[in-house]
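Structure first, commentary second.
FYI, it's all coordinate maths here, none of it is from the lab. Note that this is a predicted model, so its numbers are computed, not measured. Positions of Cβ are backbone-derived with ideal geometry, glycine not excepted, and every protein chain shown enters the neighbour counts.
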Amino acid sequence: LSGHPVCQFTFQAPISTLSGTNSSKGAAIVGCTDGCVYFVMIDQPEPVLLTQQKSPIVSAIRQGLTLAVIDKNKNCVVTDTFTNKVISSYENKTSFAFSDRVDGLYAISDGLTLSVVFRDCKPKNMFIEGSILAFVRNKIVLSNEGAIEIVEATLPFDELIEKNDFDMVSDLATIGLTEEQWRYLATESLKKGNLNYASYAAPNSNDTDLSF
């Protein structure tokens, strides 16, 4: 290590937030007080503007090509940075985290109510105070007045099973489930007559009554 700068970028306004990315090494997402959000990378000469909001950026994180931004006015916008299409927008939100396992799954909070969102499913609301720090496996880590709290995410398996969308159930199950959650999937799959998925879920539930 030489101690010399590897790269240097200049922005038109002070930096208000900085975060790494899970898809690119040596890259970062930079939010500024003028509402601009940039992607920077060691081997690129200039910052790339991803989006611009009307207020200073408080938080900006990216998972793949999906960007989530919260500004000073507590507006949260989730955007596809490839198409520049807004996926979702929310008011009065203070914290956000993408799942570390499942694409299209994230948690968002206003400080009093935590919502788990998965693609087109209805949000699952949990009345838990605090700011979201991380969404790891099926657990959400929050900070509440200096204390760390870890809660199990409520997931929309009921809606997906009601729609008979077991492909989406399989995608969501890769988050890493508890035995109780696997037991629920096995039981509800049987009720829907999906023996294939029930036989897959049952051994993971560690319930001999559901073994095939």
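Here are some notes:
- Evaluated at q = 0.15, 0.16, 0.22, 0.24 Å⁻¹: base-10 log I(q)/I(0), Debye formula over Cα of segment 50-139: -0.51, -0.59, -1.15, -1.36
- When peptides 142-149, 96-103 are sorted by average Cβ neighbour count within 10 Å, with the highest value leading, the order is 96-103, 142-149.
- Calculated from backbone phi, Karplus (6.51, -1.76, 1.60) coupling profile of segment 128-135 in Hz, x at Gly/Pro: 9, 7, x, 9, 6, 9, 6, 10
- Theoretical ellipticity at 222 nm over the chain - DSSP helices of four or more residues, -39500 (n - 2.57) apiece, nearest 500: -5000 deg cm²/dmol
- Between Gln44 and Ser88, full extension at 0.36 nm per residue minus the direct alpha carbon distance yields a gain of 12.9 nm.
- Each label was represented as a point 7 Å from its Cα along the Cα-to-Cβ direction; for Thr154 and Cys7 these points are 4.2 nm apart.
- Segment 90-212 gives an Rg/Rh value of 1.02, both radii derived from C-alpha positions and Rh following Kirkwood.
- In summary, the convex hull built on the alpha carbon positions of segment 100-165 has an orientation-averaged projected area of 4.3 nm².
- Two-decimal log10 I(q)/I(0) for the chain, as the Debye equation yields it once each C-alpha is a single scatterer, q = 0.16 Å⁻¹: -1.06
- Electrostatic dipole magnitude of the chain [Cβ: Lys, Arg +1; Asp, Glu -1; Cα centre; debye, to 20]: 420 debye
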